[in-house]
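Asks: Submitted below is the structure of interest, expressed as structure tokens.
The values are calculated or read from the model by the stated rules, or taken from the named source; none is laboratory data. Owing to the predicted nature of the structure, the values given are computational and were not obtained by experimental measurement. Neighbour counts run over all protein chains shown; Cβ positions are idealised from the backbone, glycine included. The protein model used for the area step is the full one, side chains on, heavy atoms only, and it has no ligands, DNA or RNA in it. Shrake-Rupley method; radii C 1.70, N 1.55, O 1.52, S 1.80 Å.
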Amino acid sequence: MSKLKIAELFYSIQGEGRYMGVPSVFLRTYGCNFKCAGFGMPKGELSSEVDDIAIQHERNPYKQYKDLPLVSTGCDSYASWDPRFKHLSPVLSTDSVADGIIDILPHGRWMDEHLVITGGEPLLGWQRAYPDLLSHEKMRPLKELTFETNGTQMLSTEFRDYLQEWKRNREKNALTFSVSPKLSVSGESWNEAILPDVIRQYQDVGFVYLKFVVASEEDVLEAEKATQEYKKGGFKGPVYLMPVGGVESVYEMNAKNVALAAMKRGWRYSDRLQVPLFKNEWGT
Ligand code: SF4
């Protein structure tokens with residue numbers, strides 16, 4: 001039986017992208033290949049907010065995710081990959097994860113809820129464990145699945161074949177890749193973040209959309225440039241713009257301009273409903 005290191009497992013409303021407003025189980029795996037310390041910072045600067053939290057944590061350890069402070073700069077799910085907090089993410093068998101999922105569903109079984117596998121970056125090594133999880137008898141009634149990914153990890157041949165099989169008896173578009181490519185506002189480099197071949201591979205298996213997190217007109221222009229690259233590589237899906245910021249004050253400053261920028265280009269606007277609804281707390 002396979003195992004997964006799980007940062008969070010919770011039931012909430014999907015706040016972003018194609019499934020905005022849909023009741024969803026979120027399975028947040030541990031680990032990421034990026035840090036995204038540039039979010040919310042002046043161009044070229046990196047956030048040290050998490051370092052301050054880590055110092056506090058050394059003095060007086062946090063025992064669970066919901067006690068961790070929220071950040072307004074850098075990656076808002078920092079504890080899902082930062083090794084200083086890794087002890088908060090247990091390693092669980094796929095049986096335990098399936099049981100945990102059923103436990104948090106309101107009817108104790110799948111109805112119309114959607115499963116979001118997120119991170120961190122969920123398409124790192126955990127690809128080898130998902131077939132065990134998704135084939136579990138308690139997971140068979142699941143109708144729709146999304147991977148929220150940064151779009152940098154190729155699918156292994158085995159996992160790609162498995163996903164083709166998983167889709168076979170389900171509705172068209174049952175499998176979605178919500179790809180959030182990291183622009184320079186994140187602090188990550190273009191060459192490592194914008195990988196059209198990876199997105200084309202996802203598109204061969206499921207429905208793919210791009211969701212760019214932007215804070216300025218300059219970021220939107222960069223999103224245009226990235227979209228052209230993806231299209232040259234064969235990408236055919238929709239594009240969303242979403243404001244930066246996991247904290248309401250930051251978010252409100254950005255939202256309207258981001259919506260206008262999306263409209264101007266015929267792109268879609270994605271809110272972050274978890275911010276106004278739940279203040280972006282852990283577990284939402
Ligand atoms: S890719 Fe996502 S999870 Fe990873 S550091 Fe960036 S924002 Fe955080």
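Asks: When the accessible area of the chain is split by element with a 1.4 Å probe, what percent falls to carbon and sulfur? Walk me through the numbers before you get to the answer.
Replies: Details: 6560 of 13010 Å².
Looking at the chain in its full context, I get 50 percent from C and S.
Asks: Could you provide, to the nearest whole Å², the per residue accessible area of the chain with probe 1.4 Å? Please list the in-between numbers first.
Replies: Values: 13010 Å² over 284 residues.
With the other protein chains kept in place, the chain gives 46 Å² per residue.
Asks: Over the Cα atoms of the range 1-62, how large are the radius of gyration and the largest Cα-Cα distance (Dmax), in Å?
Replies: Values for the range 1-62 (Cα only, Rg and Dmax): 16.1, 46 Å.
Asks: For the chain, which cysteines have no disulfide-compatible partner, meaning no other cysteine Cβ under 4.7 Å?
Replies: C32
Asks: Right, here's the next one. Can you give the extra length, in nm with one decimal, that the chain gains between T157 and K63 once fully stretched, where that is 0.36 nm per residue apart less the Cα-Cα distance?
Replies: Working: separation 94, 0.36 × 94 = 33.84 nm, distance 3.83 nm.
Contour length minus the Cα-Cα distance gives 30.0 nm.
Asks: Cα atoms only: what Rg and Dmax, in Å, come out for the range 1-123?
Replies: Every Cα atom of the range 1-123 included, Rg and Dmax give 15.8, 48 Å.
Asks: Mind listing P(r) for the range 112-156? All alpha-carbon pairs, 5 Å bins, whole percents.
Replies: 5, 21, 28, 26, 15, 5, 0
Asks: Tell me what the chain gives for mean residue ellipticity at 222 nm when only DSSP H runs of n ≥ 4 count, each as -39,500 (n - 2.57), the sum divided by the residue total, rounded to 500 deg cm²/dmol. Can you show the working numbers first?
Replies: Values: 9 runs with 91 residues, N = 284.
Using -39500 (n - 2.57) per qualifying helix, the result is -9500 deg cm²/dmol.
Asks: Could you tell me what fraction of 2.2 N^0.38 Å the Cα radius of gyration of the range 80-181 comes to, as a two-decimal ratio?
Replies: Numbers: Rg = 14.0 Å, N = 102, 2.2 N^0.38 = 12.8 Å.
Relative to the 2.2 N^0.38 Å estimate, the range 80-181 comes out at 1.10.
Asks: Same structure, new question: Return the distance in nm (one decimal) between the two label points of a simple spin-label model at I102 and K167, each offset 7 Å from Cα along Cα→Cβ.
Replies: 2.8 nm
Asks: Then there is this: Between K231 and D204, with labels modelled 7 Å along Cα→Cβ, what's the label distance in nm to one decimal, could you check?
Replies: According to this spin-label approximation, the distance is 2.4 nm.
Asks: Let me ask another. Please state the Cα pair-distance histogram of the chain with 10 angstrom bins from zero: what percent is in each bin?
Replies: Using 10 Å bins, I get a P(r) of 6, 29, 38, 22, 4, 0 for the chain.
Asks: Taking 8 Å as the Cα distance limit and 6 or more residues as the minimum spacing, I'd like the relative contact order of the chain as a percentage. Mind showing how you got there, number by number?
Replies: Numbers: 552 pairs, mean separation 61.3, N = 284.
So the answer I get is 22 percent.
Asks: May I pose another question? Determine which lysines satisfy two conditions relative to K264: a Cα distance under 21 Å, and not lying fewer than 8 residues away in the same chain.
Replies: K211, K225, K231, K236, K256
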